[in-house]
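Throughout, read-outs are computed from the coordinates displayed, never taken from laboratory work. Values in this document were obtained by computation on a predicted structure and should not be read as measured data. Cβ placement follows ideal geometry from the backbone for every residue including glycine, while neighbour counts extend to all protein chains displayed.
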Amino acid sequence: MRIFISVIFGGLDKQQRASDILNTITFSSTEGFDWTDNDSTTEEPWPAARYDHAMCYCGDDKVALFGGNDNSGKHMTELWLLNTSECHEDNLWVKVDTKGYIRPKQRNTPSIAHLDGNVFLFGKTPRSGGEVELLNLTSHKWERQVTCGEEPFEQNCQVHPLEKAMKLVTVSNTETSSCGIFNRLDVLDTFTKPMTWSQVSLDWHGDVTMIPGTRTSFASTMDSSNGLLFVFGGVQGSSDNEEEGQELLSTMIVANFSRHHATEDMDG
């Protein structure tokens with residue numbers, strides 16, 4: 001039985017030119033752990049080439065794709081579902097025909113996460129208005145729900161589900177962030193009505209000289225079953241400050257939500 005490890009779609013080529021954006025799928029699986037490309041030569045439905053889009057696993061061998069920018073820089077707002085169990089067959093992609101009058105807002109570098117049958121949408125907008133947008137994968141309807149607490153919508157963020165607690169965790173960065181663990185760490189409790197935001201302050205366990213400050217372009221993922229958040233790499237320092245310069249990071253930080261502390265796991 002093939003189990004997919006990761007799926008990559010689209011992006012810019014190595015020249016970083018918007019005129020050369022991609023719409024191929026690259027995936028790896030337990031069958032040799034090799035990277036394999038699928039292209040759009042089929043006549044079946046296929047998403048347009050894009051970059052700065054968002055993807056997340058939705059269970060049942062499905063991966064969701066939202067938004068991104070086309071070769072003119074225009075923000076897209078459609079959502080597609082990829083069937084990873086059919087990666088050597090036709091009908092890989094299905095464009096979700098959303099219903100109702102609500103449409104998602106255009107977002108710069110969006111982030112999505114699946115929780116309890118819904119795809120939650122995050123990312124920078126002109127103004128969030130204290131609302132959260134989510135798409136129900138059964139009814140195919142977008143909803144906007146008012147939240148309470150200070151939400152991180154005005155920032156670039158990465159979001160991950162904490163399924164047992166019915167919560168979503170966001171790791172954010174912004175030019176105005178003060179130094180601190182993970183820049184800013186927030187939790188959205190989706191079980192409360194209204195949904196409630198809270199900012200998390202974690203105790204640091206480890207060498208205090210290694211506490212990460214504000215960083216951008218990092219990668220993060222979450223072990224939802226065990227409540228562990230992993231943040232790796234990124235760039236530290238401001239591109240506007242020539243004296244300080246920028247540092248490319250190789251550390252991986254682990255936040256344990258069951259104990260509310262963070263540790264440095266690895267320094268490359």
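General remarks:
- Compared with the direct C-alpha span, the chain from His205 to Asp70 gains 44.3 nm at full extension, assuming 0.36 nm per residue.
- Most to least packed among 185-196, 137-148, 102-113 [average Cβ atoms within 10 Å]: 102-113, 185-196, 137-148
- For the residue pairs Lys62/Lys95; Lys105/Lys141; Lys74/Lys141; Lys95/Lys141; Lys167/Lys193, the alpha carbons lie more than 19 Å apart in Lys74/Lys141.
- Of the peptides 55-61, 227-233, 165-171, the ranking by mean beta-carbon count within 10 Å, highest at the top, reads 165-171, 227-233, 55-61.
- Ser198-Ser85 FRET efficiency (beta carbon distance; Förster radius 41 Å; 0.05 resolution): 0.65
- Residues whose placed amide H lies under 5 Å from that of Arg50, excluding near-sequence neighbours: Gly11, Leu22
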